[in-house]
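Encoded as structure tokens, the structure appears first; notes follow it.
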Amino acid sequence: MFILRSKKENAILYSILQKGLDAITPEEHILLRSKWVFNTDTYFSGTQKPSFELSEEEQQWLKEHPVIRFTGDPRYLPYEAFDKESKYIGIVAELLQSVEEKLGIYVEKNSKFNMARCAS
């Protein structure tokens with residue numbers, strides 16, 4: 001299970017990103033876990049939705065916000081980190097990349113952002 005954080009004002013963003021996370025199949029979760037944790041056991045029930053549809057409100061929000069800012073913990077492997085070249089890596093990074101692909105969005109990842117700025 002992965003938890004998203006955003007300010008209450010960004011409920012639409014939360015809904016959009018959650019749909020992207022929900023679209024990640026149990027097999028994709030297993031692959032990511034086995035790559036980073038070396039354990040193929042899974043806690044996923046296989047009930048994730050294979051596809052999703054964004055509401056008109058969510059689609060409009062994405063049009064108005066073409067770039068979503070994101071930061072993570074700079075040293076929290078295997079979950080997340082920024083390497084020496086400031087590339088975001090880890091389980092969360094790969095899940096986020098999958099969400100970007102499934103939603104067709106761009107998430108600007110930067111180790112220099114602070115949580116308050118990204119949640120706005």
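The values are calculated or read from the model by the stated rules, or taken from the named source; none is laboratory data. All figures in this text were calculated on a predicted structure; none of them were measured in a lab. A quick note on method: Cβ atoms are made from the backbone with ideal geometry, for glycine too, and the neighbour counts reach across all protein chains shown.
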Would you pick out the residues in region 67-94 that are over 15 Å from S34 (Cα atoms) and among the hydroxyl-bearing types (S, T, Y)?
T71, Y76, S86, Y88
From the list K49, K112, which one is closer than 16 Å to G20 by Cα and at pLDDT below 85?
K49
For V99, which of the numbered conditions (1) at pLDDT 85 or above; (2) over 15 Å from I24 (Cβ atoms) fails to hold?
(2)
For region 59-67, does any single residue satisfy the condition of being modelled with pLDDT of 90 or more, more than 11 Å from the chain's Cα centre (by Cα) and crowded, with 16+ Cβ neighbours inside 10 Å?
yes
Take K84 and decide whether it is at pLDDT 85 or above, over 20 Å from Y106 (Cα atoms) and more than 15 Å from the chain's Cα centre (by Cα).
yes
Scan region 22-37 and give yes if some residue there is loosely packed, with under 15 Cβ neighbours inside 10 Å, at pLDDT below 85 and in contact with a helix residue (DSSP H, G or I) (Cβ under 8 Å, 6 or more places away or on another chain), otherwise no.
yes
Does E94 satisfy the condition of being surrounded by 14 or more Cβ atoms within 10 Å (Cβ to Cβ), in a helix (DSSP H, G or I), under 14 Å from the mean Cα position of the chain (by Cα) and modelled with pLDDT of 90 or more?
yes
